[in-house]
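*Asks:* The structure's right below; bear with me while I get my questions together.
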Ligand SMILES: [Zn+2]
């Protein structure tokens, strides 16, 4: 909502500088998002309203003219290159020395005396851009005909526009008068309410029109007046100016008045051409199923029973509270006007405007819930202006069907109740002072008795909010009113007291964060991708395990890319890979993401499965001055998994597995004590192609963190540092090439005396028989309680050899 | 006499030869030549038996003297050469210390994760616990129970992404628009005192631009107890601002509106970039808005069967990406989910 400071000053005296006013409004809840000064830089005595009394050709230039400007008893000749002006036009005139905006550079500049093609220009006439109020520099700004010649332009049209960011609880602030009340309360002034007086004549309104409300639940009140003999024309300049300042387009005097009063009071009004209302009978009713109506914007609307209609004897004439109809619109030939000022149920208005995608200045006020007391004030104001500005006469009385009238509810509270919320120490008098300034009616009563006695100790206040404050209902609302006017920053501030709640750990979360740390430690970069995806993207992958049927569908996706909730992290990671390779110039991509995937559950919220997944491709060691690059391979990824599991205190097992997105024979299932927790392997080239990723080997791992969490974590226990020396020996065994290293390792590790073994060489070639490979281990023997003898080590070693022979057909490599 | 002369000769020849040696490996050669078992001086000593007794004594003494002279000279020479060798090896081992080092691969947490942790840590230090909730929520938790019934005008404050079937269904499901639903879920399960912070992803039906994303994080907070006041809300959030933005920070509280709190608050900090004088970061106001907050609305407490006559509390919510943008001077929120590694590697 935009507010004109000039208009505002009609209702309240403002002595504060504008910036200070804007600040105080913002602090008290009426946020001022921007301040625009119209003419803030104009010198009062140098920028004036002028009239062009003569236009002559410049003697030395075809494209220039000499304009003689009258500024009231004084005439000056200026050189002018614009062609949108004529003799008689009123224009802004600036004397030499005036501060203006340079039309070309856009920078502030002081107007200097200048000789243009041999003629001295005595000042200049200005474009909107030169005046700093617009971007238009193509022509001179032409002022209205009634602009007072010789007057300071600043006095004539200078203003300050406040751009307010209002909150939906304060429909009363969608009005200049509402803001005036706020300003009055925070600056300690009184509001001057507009006059509502006018004289009535002729017939009684009830003889001219009647109103019938068939659905009073949607229309608690309907007020109307009839003004006859109006002359349709332009509204006065001041009204047009104010409407435009607040962003509305002037149309004609009758429509402008309804808009003006809406901006003034916040109550939307509608003016009907009285003579076009069939039977002069207004019926307020729900639309019938299948009923249609053409709104002012020329569109035919399909209606439902949720929509409220204003009808006459012939049918619908307006979509109540949202938009008028074409058939009863005020036109140039209108003579008699029926003004509607009604209150409509805000939910009905909300649903109607939402369903029809039709939001109007009226609907955005109605849908926040306006006071049913408001229509009468606004009706009288509009009627008064109609008489004053359109030359009409008013029928006697007003129509007022008010079935939804409720007694204003009062709020009882003590100072202690307010202080309990605010942590302050305010007296009842102070609270009362604030509330009275806001227009609340306050009565002090003795606690509990309801008897008025301001002197009694422990008194309570009984307050009734003013009619326009529909948002204040409970003592917490009162506390806010008091706090915001006193100023939040002027209230006490103290550290949090009270007891700290009992510790309830979220172990799953702790595990997840630990996984993040460990993957970062392993050299991977964390990414966060979107939770949504498309069927196309998901279709590039095999179907995730545990997903039957469709992924969860978004009802109102922003785009097709966001139509489904992800069931896997793979798609996001592979897309991120492709994006970084193709657009961001990345050569090595080692990334991971930890996040939820969404598995639909019939009739319930989806199962949000916490996953960790990563992608590794490119170089594990980059090219450097002393070494060449080393590409990532399967075992680098396995090493990351090992390190991750070790960090979690778990020992993983790996077994060959098939996965639709990974290459067979280069894929391993990760298990902890027999339960599968994840998978890793080389991504299938076809999958990479579908994601438009590079063709180099790309490795992917994926771990179900819920499955990891379900595993018992081996607590880290201290083991005493060995007191007796290790014996380290190498052992090379020749086995079939198909034998898995893990099988050899298991045999070696069987003896408790073997404390560790490291595979340090794998050999296939002429020195071993075809179909065989040699695996060389460095084995560490250790006993906790003694120094091992050579015989002991030899006997374990020979047992290992014989078991390798027996179980794997292995032979000692000589 | 000839023997005598020859011993002196040996000495001078030996010392001369020793002086010419510049390589420690050649010293042994010299030792063998003069002092070895078949060396020249040894030969003299061995030949003593052929001399007359008098000469034998004299030559013997002389030869032994020469021997000790040569041995001492050898020792000294050896030391000199060793020192020289060491010096040479030190000099030869000089490195170009400006060559690049071999960096271990370093991963980084996403800047959002880092800031979420910072925020949570600040509140954990004040006795808050971290809890999380579902990203797909019921309308009830996201709106209804937070005092935002269906058709409430305040619903316009959150453009919502709905899950199929849409909002007309009996129990509408949505992508949570804030992490505030956890206020309800936490209070449903526990009794006061409550002090929690709720980090997590939230979603909005919103076209993206430099300052708007449709997916981002939020950290929600809630404290409920028997005597929690507005003053404590201010104090707690002030302490938070000091921890995150520096102990010299000033804070400002203004009235704002959120349906689930009353009174409603917006907190700003004085601009850390310009110290309050006004700059681009603070839009020349000197203040930067960082979070919304307020005293928990009694309707919200009633929804979870807390008696508002007994309990009060405050809630707050802030956006980690916005905090990260302020802290690091990031000018486009879309960078957070574009996952451009050139962006992510900077944190
Ligand atoms: Zn600043």
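The values are calculated or read from the model by the stated rules, or taken from the named source; none is laboratory data. Everything numeric here is computed off the predicted structure, so don't read it as measured data. Neighbour counts are summed over all protein chains in view; Cβ atoms, including those assigned to glycine, are modelled from backbone coordinates with ideal geometry.
*Asks:* So which residues in the range B:283-300 are on the phi > 0 side of the Ramachandran plot and more than 16 Å from the ligand (Cβ to nearest atom)?
*Replies:* Our first condition is that a residue be on the phi > 0 side of the Ramachandran plot; within the range B:283-300, this holds for B:283-284, B:286, B:294.
Selection gives B:294 alone.
*Asks:* For the range A:239-308, give me every one of the strands (runs of 3 or more DSSP E) that falls completely inside it and has 2 or more residues that are in contact with a helix residue (DSSP H, G or I) (Cβ under 8 Å, 6 or more places away or on another chain) and within 30 Å of residue A:169 (Cβ to Cβ). Walk me through how you get there before you give the answer.
*Replies:* Values: elements: A:270-273, A:281-286, A:292-294, A:300-302.
Counting at least 2 such residues, we get A:270-273.
*Asks:* Could we say that residue A:512 is over 30 Å from residue B:226 (Cα atoms) and more than 7 Å from every other protein chain (Cβ to nearest Cβ) here? Spell out how you get there, then give the answer.
*Replies:* Numbers: over 30 Å from residue B:226 (Cα atoms): yes; more than 7 Å from every other protein chain (Cβ to nearest Cβ): yes.
Yes.
*Asks:* Sticking with this one: Any idea which of B:269, B:330 is under 29 Å from residue B:146 (Cα atoms), in contact with a helix residue (DSSP H, G or I) (Cβ under 7 Å, 6 or more places away or on another chain) and more than 12 Å from every other protein chain (Cβ to nearest Cβ)?
*Replies:* Values: B:330 fails: under 29 Å from residue B:146 (Cα atoms).
Answer to the check: B:269.
*Asks:* Then there's this: Given (1) more than 16 Å from the ligand (Cβ to nearest atom); (2) closer than 22 Å to residue A:480 by Cβ; (3) touching a strand residue (DSSP E or B) at 6+ places or on another chain (Cβ under 8 Å); (4) facing chain A (nearest Cβ under 10 Å), identify the lone condition not met by residue B:252.
*Replies:* (1)
*Asks:* Give me the pairs, please: first residue somewhere in the range A:15-29 and facing another protein chain (nearest Cβ under 7 Å), second residue anywhere and modelled with pLDDT of 95 or more and surrounded by fewer than 18 Cβ atoms within 10 Å (Cβ to Cβ), beta-carbon distance under 7 Å, and either six or more positions apart or on two chains.
*Replies:* A:27/A:487
*Asks:* How many residues are more than 7 Å from chain B (Cβ to nearest Cβ) and part of a strand (DSSP E or B) if we restrict to the range A:520-564?
*Replies:* Here the count works out to 3.
*Asks:* Right, next: Going by the structure shown, is residue B:309 more than 16 Å from the ligand (Cβ to nearest atom) and at negative phi?
*Replies:* Working: more than 16 Å from the ligand (Cβ to nearest atom): yes; at negative phi: yes.
Yes: the conditions hold for residue B:309.
*Asks:* Quick check on the range A:592-615. Is at least one of its residues touching a residue at least 40 places away in the same chain (Cβ under 8 Å) and part of a helix (DSSP H, G or I)?
*Replies:* Of the range A:592-615, the ones touching a residue at least 40 places away in the same chain (Cβ under 8 Å) are A:592-600, A:606, A:609-615.
Pick out the ones that are also part of a helix (DSSP H, G or I) and you get none.
No, the range A:592-615 contains no residue that is touching a residue at least 40 places away in the same chain (Cβ under 8 Å) and part of a helix (DSSP H, G or I).
*Asks:* Here's something else I'd like to know. So which residues in the range B:126-156 are facing chain A (nearest Cβ under 7 Å), out of contact with any strand residue (DSSP E or B) (no Cβ under 8 Å at 6 or more places or on another chain) and surrounded by fewer than 19 Cβ atoms within 10 Å (Cβ to Cβ)?
*Replies:* Passing the criteria: B:151, B:156.
*Asks:* Considering only the range A:149-220, give the helices (runs of 4 or more DSSP H) lying wholly within it that have at least 3 residues that are within 29 Å of the chain's Cα centre (by Cα).
*Replies:* On the way: elements: A:153-157, A:176-187, A:205-208.
Where helices (runs of 4 or more DSSP H) fall fully within the range A:149-220 and carry at least 3 residues being within 29 Å of the chain's Cα centre (by Cα), they are A:176-187.
*Asks:* Inspect all residues belonging to the range A:491-507 and state whether any of them is closer than 30 Å to residue A:641 by Cα, within 14 Å of chain B (Cβ to nearest Cβ), part of a loop (DSSP other than H, G, I, E, B) and modelled with pLDDT of 90 or more.
*Replies:* Checked against the condition, which is being closer than 30 Å to residue A:641 by Cα, within 14 Å of chain B (Cβ to nearest Cβ), part of a loop (DSSP other than H, G, I, E, B) and modelled with pLDDT of 90 or more, the range A:491-507 yields at least one hit.
*Asks:* Take residue A:731 and decide whether it is more than 15 Å from residue A:799 (Cβ to Cβ), touching a helix residue (DSSP H, G or I) at 6+ places or on another chain (Cβ under 8 Å) and part of a strand (DSSP E or B).
*Replies:* Here the answer is no, as residue A:731 does not meet what is asked.
*Asks:* Hey, among A:178, A:158, A:132, which residue is more than 30 Å from residue A:48 (Cβ to Cβ), away from chain B (no Cβ under 14 Å) and buried (at least 18 other Cβ atoms within 10 Å of the Cβ)? Quick ask: steps written out before the conclusion?
*Replies:* On the way: A:158 fails: more than 30 Å from residue A:48 (Cβ to Cβ); A:132 fails: more than 30 Å from residue A:48 (Cβ to Cβ).
Within the list A:178, A:158, A:132, the selection yields A:178.
*Asks:* Looking for whichever is more than 9 Å from chain A (Cβ to nearest Cβ) and under 30 Å from residue A:488 (Cβ atoms) here; the options are B:179, B:190, B:226, B:236. Which one fits?
*Replies:* Values: B:190 fails: more than 9 Å from chain A (Cβ to nearest Cβ); B:226 fails: more than 9 Å from chain A (Cβ to nearest Cβ); B:236 fails: more than 9 Å from chain A (Cβ to nearest Cβ).
The unique qualifying residue is B:179.
*Asks:* Hey, any hits in the range B:66-89 for a residue that's in a loop (DSSP other than H, G, I, E, B) and exposed (fewer than 10 other Cβ atoms within 10 Å of the Cβ)? Please lay out each step first, then the result.
*Replies:* Of all residues in the range B:66-89, those in a loop (DSSP other than H, G, I, E, B) come to none.
Within the range B:66-89, none of the residues are in a loop (DSSP other than H, G, I, E, B) and exposed (fewer than 10 other Cβ atoms within 10 Å of the Cβ).
*Asks:* Turning to a different aspect of this structure: For the range A:588-600, which residues satisfy the criterion of being at the interface with another protein chain (Cβ under 10 Å from one of its Cβ atoms), out of contact with any helix residue (DSSP H, G or I) (no Cβ under 7 Å at 6 or more places or on another chain) and surrounded by fewer than 24 Cβ atoms within 10 Å (Cβ to Cβ)?
*Replies:* As a first pass, look at the range A:588-600 and keep what is at the interface with another protein chain (Cβ under 10 Å from one of its Cβ atoms): A:588-596, A:598, A:600.
Within this subset, residues satisfying the condition of being out of contact with any helix residue (DSSP H, G or I) (no Cβ under 7 Å at 6 or more places or on another chain) are A:588, A:590, A:595-596, A:598, A:600.
A:588, A:595, A:596, A:600 - these are the residues of the range A:588-600 that are at the interface with another protein chain (Cβ under 10 Å from one of its Cβ atoms), out of contact with any helix residue (DSSP H, G or I) (no Cβ under 7 Å at 6 or more places or on another chain) and surrounded by fewer than 24 Cβ atoms within 10 Å (Cβ to Cβ).
*Asks:* What do you reckon, is residue A:379 more than 14 Å from chain B (Cβ to nearest Cβ), outside any loop (DSSP other than H, G, I, E, B), touching a residue at least 24 places away in the same chain (Cβ under 8 Å) and buried (at least 21 other Cβ atoms within 10 Å of the Cβ)? Spell out how you get there, then give the answer.
*Replies:* Details: more than 14 Å from chain B (Cβ to nearest Cβ): yes; outside any loop (DSSP other than H, G, I, E, B): yes; touching a residue at least 24 places away in the same chain (Cβ under 8 Å): yes; buried (at least 21 other Cβ atoms within 10 Å of the Cβ): yes.
Taking the combined requirement at face value, the residue satisfies it.
*Asks:* When you scan the range A:546-560, how many residues do you find that are surrounded by fewer than 14 Cβ atoms within 10 Å (Cβ to Cβ) and without any contact (Cβ under 8 Å) to a residue 40 or more places away in the chain?
*Replies:* Within the range A:546-560, the subset surrounded by fewer than 14 Cβ atoms within 10 Å (Cβ to Cβ) is A:546, A:548-550, A:559-560.
Next, only the ones that are without any contact (Cβ under 8 Å) to a residue 40 or more places away in the chain stay: A:548, A:559-560.
Count: 3.
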